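Notes follow once the structure below has been shown.
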Amino acid sequence: MGPAAAARDEQFWQSVARRYRVSEEFVNLENGYYGIMPEPVRRAHAQNVDHLNALNSRLLRTTYKTQADHVRARIAAVAGVSKEEIALTRGGTEALQLLIAGYRRLRRGDAVMYADLDYYSMQYAMNWLRDRRGVDVVRIAIPEPASRQAVLDTYAKALRDHPRVQLLLLSHMNNRTGLVLPVHEITELARSHGVDVIVDAAHSWGQLDFTIPDLEADFAGFSLHKWMGAPLGVGFLYIRGDRLTDINPAFADETYPADDIRSRVHAGTCDVAPVLSVPTALDFHRHLGGNPVKQARLRYLATDGWSGRGTSATWSC
Ligand SMILES: Cc1ncc(COP(=O)(O)O)c(C=O)c1O
């Protein structure tokens, strides 16, 4: 069955719904903050918490590194990149903050750019560059209505008007309006101006059908506890292989060599049960049909499937 037919298979989606334990006290329409785990993941996570508690530091000092490496390989395979281009984080925020703060190619007098709809914490991180790196910060407004062409024209004009911009933050899927930016096209445009792009893909991966190469971006941050169903506390960052030297090791990390992407994240001693549960979340994601089927189902619900009242701004690009 193709994605379009799978999107309409209510029996299948009812069986999916039964895999989630939801509160009977309220109906939560917000999955964006973080998504609850489906039962297989919740059970795996509970076991991993027990396992971690029973093995104590022995786990972290012996098998964990290999297991985490296996998790990186699983994520990389779904994302269409190599394991060496991925480092695990505690979520999208950590991934994006490390990319923004670690970006090395800014010189005093350069500028950085983001949009009014970008996630506030990422706007703050971009503003932080003003004091830390002596750059100007350009904040543009996403046009309304946000048609594909209007968005492309806005970025094209902003890049023309601000030739000192060196770094651009782009949100693949907006957390407030659901707007999906044509990241591929904007990134190519930015590249033609010599501008690097960091993509905030915290919301898109697990909702939209894409792999990282489709974005054309060299740097991106992802969350696994939103739409991929992993336990709260896990995400990853992506740096294209030949761009690793453009992101500083995290706090001058020396745990890993500078040519190992894992040196770009140093979270210290933290809960690894969410990481160990990622393979189960990826299995469940595959069971749903992966990104193509999830995208088709969400689009169906946003348009014909749910009283026919989808908004045109959502999914417009
Ligand atoms: C657009 C966007 N970017 C980044 C983040 C941060 O992701 P995380 O919650 O994984 O830290 C969020 C969280 O809601 C978000 O909505």
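Every number here is computed from the coordinates shown, using simple stated rules; none is lab data. Please read these numbers as outputs of a predicted model, since none were measured by experiment. Neighbour counts are summed over all protein chains in view; Cβ atoms, including those assigned to glycine, are modelled from backbone coordinates with ideal geometry.
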- Item | Length released on extending from residue 139 to residue 57, taking residue separation times 0.36 nm less the Cα-Cα span | 25.0 nm
- State the percent of C-alpha pairs, over all pairs in the stretch 166-229, separated by a distance greater than 17 angstrom. 35
- Note on the structure: Least to most buried among 72, 108, by other C-beta atoms within 10 Å and fewest first, runs 108, 72
- Message: Using only the Cα atoms of the stretch 80-197, what are the Rg and Dmax in Å?
- Response: 14.2, 40
- Phi to ³J(HN,Hα) by Karplus 6.51 cos²θ - 1.76 cosθ + 1.60 over the stretch 281-296, Hz, x for Gly, Pro: 5, 5, 4, 5, 4, 5, 4, 6, x, x, 4, x, 6, 5, 4, 4
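Based on other C-beta atoms within 10 Å, arrange 161, 271 from fewest to most. Please list the in-between numbers first.
Working: 161 10, 271 16.
Least to most surrounded, the residues fall as 161, 271.
Ranked highest first by average number of other Cβ atoms within 10 Å, how do 61-68, 187-194 line up?
Packing order, densest peptide first, comes out as 187-194, 61-68.
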- Can you tell me the relative contact order of the stretch 48-280? Whole percent, Cα pairs under 8 Å, sequence separation 6 or more. 26
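If you stretched the chain out fully between residue 184 and residue 74, how much longer would it get, using 0.36 nm times the residue separation minus the C-alpha to C-alpha distance? All intermediate terms of the calculation are to be shown ahead of the outcome.
Numbers: separation 110, 0.36 × 110 = 39.60 nm, distance 2.41 nm.
Length gained between residue 184 and residue 74: 37.2 nm.
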- Task: Using the charge dipole of the stretch 1-89 (Lys, Arg: +1 at Cβ; Asp, Glu: -1 at Cβ; taken about the Cα centre), state which of 55, 34, 78 has its Cα farthest towards the positive end.
- Result: 55
- Query: To the nearest 0.05, what FRET efficiency results for residue 19 and residue 271 with a Förster distance of 22 Å applied to their C-beta separation?
  - Reply: 0.40
- Item | Label-point gap, in nm, between residue 84 and residue 258 - each point 7 angstrom along Cα→Cβ | 1.7
- Query: Based on the alpha carbon coordinates of the stretch 48-280, what radius of gyration and maximum Cα-Cα distance (Dmax) apply, in Å?
  - Reply: 17.9, 59
- Just rank 205, 128, 13, 227, fewest to most, by other beta-carbon atoms within 10 angstrom. 128, 13, 227, 205
